[in-house]
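Report on one structure; see the data block that follows.
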Amino acid sequence: MVHLKALSKSFGAKNVIQDVSLEIEAGERFILLGPSGCGKTTLLRMLAGFERPDQGTIFIGGEDVLSLPVERRPVGFIFQNYALFPHMTVYDNIAVGPRIRQTPEPEIARQIGDLLEITHLTGLKHAYPGRLSGGESQRVAIARAIVNRPKVLLLDEPLSALDAGLRQGLREELKEMQETLGITFLFVTHDQEEAMSLATKMGILEGGRLLQIGTPSELYNHPKSPYVAGFLGAVNRLSGKVLRQDENRTVVVLDGGPEIKCTAQSKRPPGQAVSCFIRPEKMTFRADGKNHSNWNVINAIIVEKTFLGNQTLYKTEITQGQICTVPVKHDSHEEDTLSFKTGERVKIFFATQDVILFDQSDTPKRT
Ligand code: ATP
């Protein structure tokens, strides 16, 4: 449905989008995730026709859209805060686009009537935006953006200005609405939780480059770079050197101490400096059933304990400077059997398959 090929864009000396290629299938909710300033809005603006790329091509629904002006591109746009016109009714807000295109009024009335029904807004046809709830405003913004039947809906952080509680509910509504309408979404956000909860597929953008594309679980569990691993949630990082490499395993000796085994992801020579990334939730103090070769067990000392209501986070030290956080969930009474004091010696268990290895030269220093 959307096919971007080798897109690049600079503003002056600044390369804002660098060689981005991307394919989005029809009906997908594709979320582009990246920190502030990484080029997300610029990419959307190029699709919508507000900016022209320096290089590359943009195809939407098989059509090369680069030469098309904004009003003829097959896209709808939803901005932060929805940007509804406060002095216009719901009906007139939705009618803005068709009126610009000089669609006859009876045809506009028919189109909007259908849309109001699908978006459950019929009773609010004559209401002004000021009296709408967050969910209703969102639905009006969607109706307005799709009334011209775009092939793709571009959403630029539409939920970012709202408070956390409201955002959660609106995410669900947005998902439902997308599924009902079957329209392709390209949604940008800097919020990783929002991205993971909404996406059918997502891409990580950093410094104008697309680092990795995949489903949320592919990106979370199989990040291809330290940046993607760190951006998508908490991670423990242990440094060491490859001791030996065999067919299925890489054995690493951690700096200052123990050896750990990792399911091999690629061949590395002995002596190669590596970072071992392990998600905190993949580590446990629970020994049962882990007495076999697919598990690592290392000794550590509890250095800090933080109670968070539903879980306690234990900061542990394996050797000097090698720190891991291990959560203990408070469901199923784990806390009763697994409660430790600062200074106590513990054993940490984690599976060989849950260690993600990166060459240290790829790993930015922690700040
Ligand atoms: P945010 O999440 O903060 O909105 P973003 O990822 O959407 O950020 P962009 O708005 O695409 O980032 O901006 C990327 C970079 O390009 C920024 O450094 C920004 O200052 C710069 N930039 C964007 N538009 C222009 C412009 N018209 N002229 C010059 N620089 C620009």
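The values are calculated or read from the model by the stated rules, or taken from the named source; none is laboratory data. Computed from a prediction, not measured in an experiment: that's the story for all the values here. Virtual Cβ from ideal backbone geometry, glycine too; neighbours counted across all protein chains shown. Protein only, heavy atoms only, side chains kept; ligands, DNA and RNA dropped before computing areas. Shrake-Rupley method; radii C 1.70, N 1.55, O 1.52, S 1.80 Å.
Observations on the structure shown:
- Scanning segment 287-310 for residues that are open to solvent by 30 Å² or more (accessible area, probe 1.4 Å), among the aliphatic types (A, V, I, L, M) and in contact (Cβ under 8 Å) with a residue 12 or more places away in the chain yields A287, V297, I301, V303.
- Single unsatisfied condition, F340 versus (1) in contact with a strand residue (DSSP E or B) (Cβ under 6 Å, 6 or more places away or on another chain); (2) aromatic (F, W, Y); (3) exposed (fewer than 12 other Cβ atoms within 10 Å of the Cβ): (3)
- Among the residues listed as R101, R139, R131, the single one being at pLDDT 85 or above and among the charged types (D, E, K, R): R131
- Flag if K315 is open to solvent by 70 Å² or more (accessible area, probe 1.4 Å), out of contact with any Pro (no Cβ under 6 Å at 6 or more places or on another chain), free of Cβ contacts under 8 Å to residues at least 24 places away in the same chain and assigned to a strand (DSSP E or B): yes
- Among residues of segment 198-218, those that are of a type outside the set (A, V, I, L, M), within 16 Å of the ligand (Cβ to nearest atom) and surrounded by 17 or more Cβ atoms within 10 Å (Cβ to Cβ), counted: 3
- Residue count for segment 224-266 satisfying the condition of being among the small types (G, A, S), within 30 Å of E194 (Cα to Cα) and surrounded by fewer than 19 Cβ atoms within 10 Å (Cβ to Cβ): 4.
- Scanning segment 267-286 for residues that are closer than 12 Å to R237 by Cα and either open to solvent by 20 Å² or more (accessible area, probe 1.4 Å) or charged (D, E, K, R) (or both) gives a single hit, R279.
- One residue stands out in segment 24-43 among those that are more than 8 Å from the ligand (Cβ to nearest atom) and among the hydrophobic types (A, V, I, L, M, F, W, C): the one that is most open to solvent (accessible area, probe 1.4 Å), namely A26.
- Selection status of D191, within 18 Å of the chain's Cα centre (by Cα), under 17 Å from I24 (Cβ atoms) and touching a residue at least 12 places away in the same chain (Cβ under 8 Å): no
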